Amino acid sequence: SDNSVAEVSIPEGVNHIGNAGNYAGGLCGREKLVALKLPNTLKSIGYAAVANCTNLTTVVLPESLTTIGDYAFADYSAIDQTEHIMKMKNVVIYAKDGLTSIGVGAFPEGVTIYCWEYYYAESWAREHGYNVKLLDDMLDADGNIDWSQEEKSISLQVSCAMACGETKKLAYSVFPFDETNCQWSSSNPEIVSVDESGTVTALQN
């Protein structure tokens, strides 16, 4: 329920993310959310369950997934009558023949969908006008997905309010998923300092 949380990891064993009932609940409207890790046991994502998470740039959907609800990750303005600027750029769908249903407006317009050729996710994405990249075309000689040719990006939470003397660890997401040796620095170290792990300390106003 804390809208200030920037990183969420849903544990293994969870198989459903529920609907955003009565325009609330789930992860809906978590505007500070930057990084989301979904479990390999996940089967379904409900109606608007992760909608209006404006700073979520990449979503990785596991092979176990069977159903994605209407507006699951989209800007769903009916929730608060506000049009949101969605920053989502990449959706990776590992699911193959198990995925049989993707709802209306499940993802924001303009995202790139990475998926396997000839499966439902590909046909759905093409039918709805998304940019599609096939995981089949990215396999290396050992049959592993080679992300090295994809454009790299790092996304940070947009804002972080702090009191003097308070410390907070910044959350970030990396696409495409390689370990990144982030080197942190402060543009004004007399006001805020940051250490090698991304922990920020507020020093003065």
- Item | segment 80-96, subset among the β-branched types (Val, Ile, Thr) and open to solvent by less than 20 Å² (accessible area, probe 1.4 Å), residue nearest to Thr57 (Cα to Cα) | Val91
- Task: Starting from residues that are touching a strand residue (DSSP E or B) at 6+ places or on another chain (Cβ under 8 Å) and part of a loop (DSSP other than H, G, I, E, B), keep the ones in segment 196-205 and report whichever is nearest to Leu156 (Cα to Cα).
- Result: Gly198
- Message: Take the conditions at pLDDT below 95 and open to solvent by less than 70 Å² (accessible area, probe 1.4 Å) and apply them to Tyr23. Does it pass?
- Response: no
- From the option list Ser123, Ser153, Ser187, single residue qualifying as surrounded by 12 or more Cβ atoms within 10 Å (Cβ to Cβ) and without any contact (Cβ under 8 Å) to a residue 12 or more places away in the chain is Ser123
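Taking Lys89 as the residue in question, decide whether it is closer than 25 Å to Tyr118 by Cα and without any contact (Cβ under 8 Å) to a residue 60 or more places away in the chain. Show your work before the answer.
Values: closer than 25 Å to Tyr118 by Cα: yes; without any contact (Cβ under 8 Å) to a residue 60 or more places away in the chain: no.
No.
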- How many residues does segment 26-79 contain that are among the basic types (Lys, Arg) and modelled with pLDDT of 90 or more? 2
- Would you pick out the residues in segment 97-148 that are under 15 Å from Thr58 (Cα atoms) and of a type in the set (Gly, Ala, Ser)? Ala106, Gly110
- Message: Please pick out the residue among Phe107, Phe177 that is open to solvent by 30 Å² or more (accessible area, probe 1.4 Å), closer than 28 Å to Gly69 by Cβ and either touching a residue at least 40 places away in the same chain (Cβ under 8 Å) or under 17 Å from the mean Cα position of the chain (by Cα) (or both).
- Response: Phe177
- Query: Going through segment 48-84 one residue at a time, which ones are among the charged types (D, E, K, R) and either assigned to a helix (DSSP H, G or I) or in contact with a helix residue (DSSP H, G or I) (Cβ under 8 Å, 6 or more places away or on another chain) (or both)?
  - Reply: Asp80, Glu83
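Is it the case that Lys96 is among the charged types (D, E, K, R) and in a loop (DSSP other than H, G, I, E, B)? Before you say what the answer is, go through the steps one by one.
Numbers: among the charged types (D, E, K, R): yes; in a loop (DSSP other than H, G, I, E, B): yes.
Yes.
The values are calculated or read from the model by the stated rules, or taken from the named source; none is laboratory data. Source: prediction; values computed, not measured. We place every Cβ from the backbone using ideal geometry, glycine too, and count neighbours over all the protein chains shown. We work out accessible area using only protein heavy atoms, side chains counted, and drop any ligands, DNA or RNA first. Shrake-Rupley method; radii C 1.70, N 1.55, O 1.52, S 1.80 Å.
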